[in-house]
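Just below is one structure, and these are the notes that go with it.
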Amino acid sequence: MNLTRRQPASKSEYISVVIPAYNEAASLPYLISRLDEVFDGIGETYELIVVDDGSTDATWEVLTHSKLTRGTLRAIRLSRNFGKEPAISAGLRAVSGAAAIVMDADLQHPPELLPKMIDLWRSGGPLVVNAVKKIRQGESMIRRAGAHIFYFLFRKLTGLDLWHTTDFKLLDRSAVEEYLALPEHGRFFRGLTMWLGYPAVSISFIPQERPPEAGGSRWSINKLLGLARHSLISFTALPLQLVTWCGIITLLLSIVLGLQTLWQKWSGEAVEGFTTVILVQLGIGSVLMISLGLIGEYLARIYEEIKGRPQYIIAEVMDKQNPK
Ligand code: UDP
Ligand code: MG
């Protein structure tokens with residue numbers, strides 16, 4: 001880990017902004033003009049990296065027609081929709097600035113927070129600035145309940161508290177490099193950046209509603225469940241130990257039930273136990289199936305990792321220089 005930068009970063013060090021975008025043709029023009037305004041306001045140039053994650057709308061066309069007044073634009077088009085995590089990695093790999101800010105394309109992460117994040121980083125202390133949600137709004141009951149369960153389990157199983165955290169973060173270049181050097185393929189940006197343990201500060205923001213013209217969240221419930229499963233599995237092996245505990249508990253129960261059954265048999269009482277047999281069978285059957293499923297989940301992850309396929313495939317890169 002390189003934690004040596006204790007000198008405040010100088011103003012000549014420019015910032016890279018990384019944006020994963022999947023079908024964001026409606027929001028990108030607004031976002032880009034607001035970013036331009038923000039950097040104009042602080043009198044700095046920046047590098048904007050937008051990763052088109054296999055969009056099926058006009059996202060790529062919007063990018064090819066975009067003009068920045070204050071920055072250089074690098075647009076990266078992935079060959080298909082790989083998902084937000086691979087898109088973030090693709091963007092971070094292209095970073096040439098002294099720090100990178102990762103943010104969503106849908107204006108839920110307000111660009112107006114950027115000067116504060118940059119100031120905190122430039123002050124020379126933190127190498128990571130986390131923007132955390134003050135409140136969760138604009139989410140359905142089911143999503144909110146799902147989030148509660150996921151963060152609770154994550155905290156209990158891994159000891160990392162991700163409640164209210166987001167992917168809206170500033171990372172010093174050294175943290176970006178450390179993150180990209182991690183050998184795993186199925187990366188979980190939010191958890192891993194915390195796991196790196198770099199000096200960090202948090203600032204809070206109120207997430208904006210997704211603008212109606214930008215459509216709904218790009219995450220289906222299915223994709224979210226997949227992310228929750230993957231991130232838990234990649235951070236903890238505790239569920240596997242729970243399987244062992246389930247086995248021990250079942251063993252203890254079977255000793256008690258076994259002794260009771262034998263006692264009844266020896267003492268001449270008729271063993272009247274068809275119901276018990278069915279219940280025990282069902283109970284043990286379920287525990288076995290769930291345990292096998294759990295082991296299967298880990299096996300699948302090992303299989304995915306061992307194949308060593310790249311996280312994403314880049315189809316096209318477009319660079320636009322700052323006209324100024
Ligand atoms: N996104 C992506 N690939 C995907 C899904 C989402 O690059 O497969 C991007 C999306 O364009 C947006 C960000 O990830 O910039 C967050 O997505 P969204 O706003 O749908 O997520 P939510 O705000 O509901 O967490
Ligand atoms: Mg969003």
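The values are calculated or read from the model by the stated rules, or taken from the named source; none is laboratory data. In this text the structure is predicted, and so the values were computed from the model without any measurement. Here the Cβ is made from the backbone with ideal geometry for all residues, glycine too, and neighbour counts use every protein chain on show. Just the protein is used for accessible areas: all its heavy atoms, side chains included, with ligands, DNA and RNA removed. Shrake-Rupley method; radii C 1.70, N 1.55, O 1.52, S 1.80 Å.
Can you name every residue in the range 140-169 that is assigned to a loop (DSSP other than H, G, I, E, B) and in contact (Cβ under 8 Å) with a residue 24 or more places away in the chain? Let's see the steps before the verdict.
Keep residues of the range 140-169 that are assigned to a loop (DSSP other than H, G, I, E, B), which gives 140, 159-168.
Correct list: Leu160, Leu162, His164, Thr165, Thr166, Asp167, Phe168.
Look at the range 53-76: where a residue is at positive phi and a partner is within 16 Å of ligand 1 (Cβ to nearest atom) and assigned to a strand (DSSP E or B), sitting 6+ places away or on another chain with Cβ atoms under 6 Å, you get Gly54/Leu78. If the condition is being closer than 16 Å to Leu170 by Cα and among the acidic types (Asp, Glu), then the range 43-84 contributes only Glu47.
Of the set (1) under 30 Å from Val50 (Cβ atoms); (2) open to solvent by less than 70 Å² (accessible area, probe 1.4 Å); (3) out of contact with any strand residue (DSSP E or B) (no Cβ under 7 Å at 6 or more places or on another chain), all apply to Glu304 but (2).
Counting the residues of the range 211-240 that are open to solvent by less than 50 Å² (accessible area, probe 1.4 Å), more than 9 Å from ligand 1 (Cβ to nearest atom) and part of a helix (DSSP H, G or I) gives 9.
Taking the criterion of being assigned to a helix (DSSP H, G or I), within 16 Å of ligand 2 (Cβ to nearest atom) and open to solvent by less than 10 Å² (accessible area, probe 1.4 Å), would at least one residue in the range 107-115 satisfy it?
First, the residues of the range 107-115 that are assigned to a helix (DSSP H, G or I): 111-115.
Filter once more, so that each one left must be within 16 Å of ligand 2 (Cβ to nearest atom): 111, 113.
Narrowing the set further to residues that are open to solvent by less than 10 Å² (accessible area, probe 1.4 Å) leaves 111.
Yes: the range 107-115 contains one or more residues that are assigned to a helix (DSSP H, G or I), within 16 Å of ligand 2 (Cβ to nearest atom) and open to solvent by less than 10 Å² (accessible area, probe 1.4 Å).
Residues that are part of a helix (DSSP H, G or I) and either within 16 Å of ligand 1 (Cβ to nearest atom) or buried (at least 17 other Cβ atoms within 10 Å of the Cβ) (or both) within the range 170-210 comprise Arg173, Ser174, Ala175, Val176, Glu178, Tyr179, Phe189, Arg190, Gly191, Leu192, Thr193, Met194, listed in sequence order. Just to be sure, is Arg229 touching an Asp or Glu at 6+ places or on another chain (Cβ under 9 Å), under 30 Å from Ile135 (Cβ atoms) and more than 16 Å from ligand 2 (Cβ to nearest atom)? Yes, satisfied. Whether any residue in the range 5-15 is open to solvent by less than 60 Å² (accessible area, probe 1.4 Å), within 16 Å of ligand 1 (Cβ to nearest atom) and β-branched (Val, Ile, Thr) is what I want to check. Scanning the range 5-15 turns up no residue that is open to solvent by less than 60 Å² (accessible area, probe 1.4 Å), within 16 Å of ligand 1 (Cβ to nearest atom) and β-branched (Val, Ile, Thr). Picking from residues in the range 155-169 that are in contact with a helix residue (DSSP H, G or I) (Cβ under 8 Å, 6 or more places away or on another chain) and more than 16 Å from ligand 1 (Cβ to nearest atom), the one that is farthest from Pro111 (Cα to Cα) is Leu157.
Residues in the range 79-114 that are farther than 22 Å from Pro207 by Cβ and near ligand 1 (Cβ under 9 Å from one of its atoms): Asn81, Phe82, Pro86. Evaluating Asp53 against the criteria (1) over 22 Å from Glu178 (Cα atoms); (2) within 16 Å of ligand 1 (Cβ to nearest atom); (3) open to solvent by 10 Å² or more (accessible area, probe 1.4 Å); (4) of a type in the set (D, E, K, R) leaves one unmet condition, (3). Taking strands (runs of 3 or more DSSP E) as the structural unit, those lying wholly within the range 7-93 and holding at least 2 residues that are among the basic types (Lys, Arg) correspond to 71-78. Set side by side, the residues Gly285, Gly273, Gly296, Gly268 differ, and just one is among the small types (Gly, Ala, Ser) and either open to solvent by 60 Å² or more (accessible area, probe 1.4 Å) or touching a residue at least 24 places away in the same chain (Cβ under 8 Å) (or both), which is Gly268.
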